[in-house]
Structure formats: structure tokens, C-alpha cells
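To start, the structure under review is shown below, and the notes come after it.
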Amino acid sequence: MRIAVAGGTGTVGRHVVDAARRRGHEVTTLSRATGTDLTTGTGLVEALRGTDAVIDATSISTQSAKASETFFRTVTSHLLEAERSAGVDHHLALSIVGSDRAPFGYYAGKAAQERLVSAGGTPWTILRATQFHEFAAQIYRQIAFGPISLVPKMISQPVAARDVGLRLVELAEHGPSGHAPDLAGPEVLRMGDMVRDYARATGDTGPIWEVPLPGGFGRALRDGTLLAGPGATLGTQTFGDWIADITTRKDTA
């Protein structure tokens, strides 16, 4: 099978590429480095000719609903248009658990993406996953006052990015499935504890304070809206296992 991966160098995309190649598929990474531009559509039709499935694992670093919606609408529209022209039979999009119930900030873009994919004409699969283990590292010290790091008060069911990448490839092999079962990690944790464990693994012993965010999104972070529901597929790597891998790499560097 020939699989094209959008966002193939990102947190999940690189695991999609690795998993697909391990399973014997031909992989094309859609990026400016390979002559394609997802934000303008340049080169996409040519790159997708002969492709069986497109996996969209793109992302944008923003908490602005407007910026997120603009990005995902643009990228998704260009991919779907190019797929129709190139005759691609399957579009897979990676989304987030809770994007339909809490379409705020970044999640607003994922909700818009889902609407476009489901109405786009190309047979489709959407996989909603919970936050990745790496999310703790991404928010660590984003907001800090001296030695104090502030993190949003939330509960999470973190999943390994490598588990997400493998599941996307499995879904590509299966064929269009509509909304696939949610994918989540094997345990529910407090984000403050996750960030604290990550900080300790990197040698930082400073205080980590949890801060409740206001509004509907803050409520969703705290009340379980972003946790997977019944029937979810569970990944295998725990957050503790991921932290242990970081510590091992640090010790052997």
C-alpha cells in the first residue's frame, strides 16, 4: 500500500512513517522539503497520484480558536481537493477526544477539521486520541514565575504518540471506517503530577502549581470531558514507562 503522511515529521507523524515502513508500505511525506505545501496546495495532486491512503497528522502550536480553525480548514480543504483529483480512496484524520464536546481554542480547529472530512467526498476515517505523553513536556514552564511552573488543572488519559502512529497505520490498512473507536492511554492522571514527574526526570525540582482555567474549556479540562468513553481502544505504554525512557536516554547520553 502507498501511504502519504501529512505532518510526517511531527510528534505523531514520525511514528506513522516509521510504523508504515516497518509494515512494508511505501510512504510519502508531504512537506515543503518534498515539494508540497499544505497551506497553499502546491504540488499535492502530483504527490498523491497512485496513493491509496492519506493520513493527516498535521498540527499547529496555538490556543487561538481562529488560528486553529484557519489552519485546519486550509490544510484539510487542500488535501481533500487534491485527493479527489488524484483518485485517493481513503482520507484518515487524527483528531482529539473531546473536540466535539469542548470546541474551544485549539480544539475548535479539530472540530472544524472533522466536519470537513466527514462531508468531503473522499471515504474517510477519523481517529480521536487523548493527549500524548509529550503534552506534559510541551506545557512544562510555558508559564513560569521564577522557579514556579504553572500548569492547567486537568485530568488526562495520556497515550503514547507511537501507539497513535501505529493505530493510524492499522486503520489505513483496514479501509474507511468513519469514526473509529477513541484511542486513549491505559490510566487517568492529573496533569500537575505528569508535569512534576517530567520535571524531575529532567533534573528540575522547582514547584509545580496547578491553576484552574476559566470558562467552558477550563471546566472541560477538569470534569472528564477530555477522557475517552466506553469502547475506547487503549494504548500500551504508560506515562511512567515514557518517563523511564526519558531517564534512560538522559543517563546514556
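For this structure, a couple of remarks:
- Hits in the range 41-75 - residues which are over 22 Å from GLU173 (Cβ atoms), in contact with a helix residue (DSSP H, G or I) (Cβ under 7 Å, 6 or more places away or on another chain) and of a type in the set (S, T, N, Q): THR62, GLN63, SER68
- All positions within the range 112-130 that are in contact with a strand residue (DSSP E or B) (Cβ under 8 Å, 6 or more places away or on another chain) and either open to solvent by less than 20 Å² (accessible area, probe 1.4 Å) or part of a helix (DSSP H, G or I) (or both): GLN113, GLU114, VAL117, SER118, GLY120, THR122, THR125, ILE126, LEU127, ALA129, THR130
- Cβ-Cβ under 6 Å pairs, at least 6 apart or on other chains, the range 154-171 side on the phi > 0 side of the Ramachandran plot, far side at pLDDT 95 or above and of a type in the set (A, V, I, L, M): none
- Yes/no for LEU234 being under 21 Å from the mean Cα position of the chain (by Cα), open to solvent by 50 Å² or more (accessible area, probe 1.4 Å), in contact (Cβ under 8 Å) with a residue 40 or more places away in the chain and under 24 Å from SER95 (Cα atoms): yes
- Failed condition for ALA199, given (1) assigned to a helix (DSSP H, G or I); (2) of a type in the set (Gly, Ala, Ser); (3) open to solvent by 60 Å² or more (accessible area, probe 1.4 Å): (3)
- Residue within the range 36-43 that is surrounded by fewer than 23 Cβ atoms within 10 Å (Cβ to Cβ), touching a Gly at 6+ places or on another chain (Cβ under 7 Å) and either modelled with pLDDT of 95 or more or not aromatic (Phe, Trp, Tyr) (or both) present: yes
- Some residue of the range 89-102 being open to solvent by 10 Å² or more (accessible area, probe 1.4 Å), closer than 22 Å to GLN142 by Cα and not aliphatic (A, V, I, L, M): no
- Which numbered condition SER77 fails, given (1) closer than 28 Å to GLN142 by Cβ; (2) at pLDDT 95 or above; (3) open to solvent by 10 Å² or more (accessible area, probe 1.4 Å); (4) hydroxyl-bearing (Ser, Thr, Tyr): (1)
The values are calculated or read from the model by the stated rules, or taken from the named source; none is laboratory data. Treat the numbers as computed from the prediction; the structure is a model and nothing was measured. Here Cβ is always computed from backbone atoms with ideal geometry, including for glycine, and neighbour counts include all displayed protein chains. Heavy atoms of the whole protein, side chains included, go into the accessibility calculation; ligands, DNA and RNA do not. Shrake-Rupley method; radii C 1.70, N 1.55, O 1.52, S 1.80 Å.
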